[in-house]
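Participant: Next up is a structure, given as structure tokens.
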Amino acid sequence: MANVVITGTSRGIGFQLVKLFAADGHKVLALSRNEEPIVSLQLPNVTTFAFDLGKPEDYLRVNETLQDWNKVDVLINNAGRLLNKPFMETTSEEFEAVYRVNVFGVSELTKTVLPKMDKESHVVTISSMGGVQGSMKFPGLSAYSSSKGAVITLTELWAEEFKETGPSFNVLAIGAVQTEMLEEAFPGYQAPVSAPEMASYIKDFALNGHKFYNGKLLQVSNSTP
């Protein structure tokens, strides 16, 4: 059984991931600003508490919790912040807030968990097709899509820096998935993939993908470009 850390677990893909891993008997640390949805599940092999990627003190609690773990097999950087707003109307504070979650938070949590990971461990970061060079772009997503591009490059850099000691690092650029975050940003839009479907794919990849990939971007989308 694997020891798994997942962010962004209060809803959407992250919430579904916790349920899937727990159902198979894996040990899970579920991190989100709102811990109540996970608490309500009352799963014996799941630990959760309120965690904000932008608060330095919250990382101390993660570190304290992991002291009791012999290792971390999987880290899934799933939490994300989406802003759909014209570039000229986006304030510097709003732009920075997106990066604080989607880039700086991913970096800091990865740094916090890495000492508990080994050669066979796997860091999976959830990016977006909007962050892939050459993919279709949409107006209003300057902060979001550029931040998702940043973590793609970060993944490649980490894989190179830790190639001798591990863990493996890979990034999944997912297409549109029907989640609450998508509905808030694009009201009325219907995505072709549900949150449970995408979570099932990510779970399997997190457990097995490092056997075949390291430092790779995989585009998980059934549409082109």
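Participant: Taking the stated definitions as given, is Val123 in contact (Cβ under 8 Å) with a residue 60 or more places away in the chain and either among the β-branched types (Val, Ile, Thr) or surrounded by fewer than 19 Cβ atoms within 10 Å (Cβ to Cβ) (or both)? Quick ask: steps written out before the conclusion?
Facilitator: Values: in contact (Cβ under 8 Å) with a residue 60 or more places away in the chain: no; either among the β-branched types (Val, Ile, Thr) or surrounded by fewer than 19 Cβ atoms within 10 Å (Cβ to Cβ) (or both): yes.
The answer is no for Val123.
Participant: Quick test of your reading of the structure: Asp118 fulfils all but one of (1) without any contact (Cβ under 8 Å) to a residue 40 or more places away in the chain; (2) of a type in the set (Asp, Glu); (3) outside any helix (DSSP H, G or I). Name the failing condition by number.
Facilitator: The failed condition is (1).
Participant: Could you list, in sequence order, all residues of segment 16-47 that are open to solvent by 40 Å² or more (accessible area, probe 1.4 Å), of a type in the set (A, V, I, L, M, F, W, C) and touching a residue at least 12 places away in the same chain (Cβ under 8 Å)?
Facilitator: Leu20, Leu41, Leu43
Participant: Taking the condition within 16 Å of Val151 (Cα to Cα) and loosely packed, with under 13 Cβ neighbours inside 10 Å, does Lys111 pass?
Facilitator: Details: within 16 Å of Val151 (Cα to Cα): yes; loosely packed, with under 13 Cβ neighbours inside 10 Å: yes.
Considered against the rule, which asks whether it is within 16 Å of Val151 (Cα to Cα) and loosely packed, with under 13 Cβ neighbours inside 10 Å, Lys111 comes out as yes.
Participant: Among the candidates Ala97, Ala143, Ala50, which residue alone is buried (at least 19 other Cβ atoms within 10 Å of the Cβ) and modelled with pLDDT of 95 or more? Walk me through it before giving the result.
Facilitator: On the way: Ala97 fails: buried (at least 19 other Cβ atoms within 10 Å of the Cβ); Ala50 fails: buried (at least 19 other Cβ atoms within 10 Å of the Cβ).
Unique residue meeting the criteria: Ala143.
Participant: Here is a follow-up. Condition first: under 17 Å from the mean Cα position of the chain (by Cα) and either open to solvent by less than 10 Å² (accessible area, probe 1.4 Å) or modelled with pLDDT of 95 or more (or both). Now tell me which residues in segment 158-175 satisfy that.
Facilitator: Keep residues of segment 158-175 that are under 17 Å from the mean Cα position of the chain (by Cα), which gives 158-159, 167-175.
Hits for segment 158-175 are Trp158, Ala159, Pro167, Ser168, Phe169, Asn170, Val171, Leu172, Ala173.
The values are calculated or read from the model by the stated rules, or taken from the named source; none is laboratory data. This is a predicted model, so every value here is computed, not measured. Please note: Cβ atoms are built from the backbone with ideal geometry, for glycine as well, and neighbour counts cover all protein chains shown. To get the accessible areas, we keep the full protein, side chains included, count just its heavy atoms, and leave off ligands, DNA and RNA. Shrake-Rupley method; radii C 1.70, N 1.55, O 1.52, S 1.80 Å.
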